[in-house]
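The values are calculated or read from the model by the stated rules, or taken from the named source; none is laboratory data. These figures come from a predicted structure and were not determined experimentally. Please note: Cβ atoms are built from the backbone with ideal geometry, for glycine as well, and neighbour counts cover all protein chains shown.
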């Protein structure tokens with residue numbers, strides 16, 4: 001089959017799974033927007049994800065399936081969470097309005113954000129989070145199954 005866009009059919013296809021290798025204390029809570037420090041990978045085909053900058057750079061134009069999860073701790077007294085997939089072209093945001101948790105309540109919450117993202121070669125993608133309504137006391141919960149970003153080229 002002939003194609004005018006042969007670069008999209010070169011293999012291997014980009015795919016990665018990045019995660020925070022450990023908890024990070026006091027990253028947000030006062031509205032501070034933080035780029036999630038996903039500094040380890042389980043796999044990183046084409047090495048398009050940078051564990052130094054926490055950013056994926058598309059090596060081809062097309063659609064990418066992005067699945068991400070964020071676990072935050074120490075949410076007592078906080079009222080909102082914004083969890084965003086940020087790309088060069090647009091953002092894909094999930095916002096949660098929290099009923100402030102009472103002292104002594106379970107203070108760890110998880111949030112998911114899944115999107116079919118269109119990217120052009122050279123575009124970038126990373127995750128941000130912000131929690132508001134309290135002090136800068138909210139922790140990012142790390143390890144490979146809690147806070148992560150997974151992305152695969154699908155065509």
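Below is a table of values for the structure above.
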quantity: Residues that are over 16 Å from residue 140 (Cβ atoms) and touching a strand residue (DSSP E or B) at 6+ places or on another chain (Cβ under 8 Å), drawn from segment 54-75; calculated: 55, 56, 57, 58, 60, 61, 62, 63, 64, 65, 66, 67
quantity: Enumeration of residues in segment 45-82 that are in a strand (DSSP E or B) and within 17 Å of residue 107 (Cα to Cα); calculated: 69, 70, 71, 72, 73, 76, 80, 81, 82
quantity: Pairs where the first residue, in segment 40-52, is more than 15 Å from residue 122 (Cβ to Cβ) and the second is modelled with pLDDT under 95, C-beta under 6 Å, 6+ apart; calculated: 45/12
quantity: Options 18, 67, 52: the member that is within 15 Å of the chain's Cα centre (by Cα) and crowded, with 20+ Cβ neighbours inside 10 Å; calculated: 18
quantity: Every residue from segment 22-44 that is over 11 Å from the mean Cα position of the chain (by Cα), buried (at least 16 other Cβ atoms within 10 Å of the Cβ) and not in a strand (DSSP E or B); calculated: 29, 39
quantity: Strands (runs of 3 or more DSSP E) contained entirely in segment 102-155, each with at least 2 residues that are in contact (Cβ under 8 Å) with a residue 60 or more places away in the chain; calculated: 124-132, 138-140, 148-153
quantity: Filter pass, residue 89 being within 14 Å of residue 56 (Cβ to Cβ), touching a strand residue (DSSP E or B) at 6+ places or on another chain (Cβ under 9 Å), modelled with pLDDT of 95 or more and not in a strand (DSSP E or B); calculated: yes
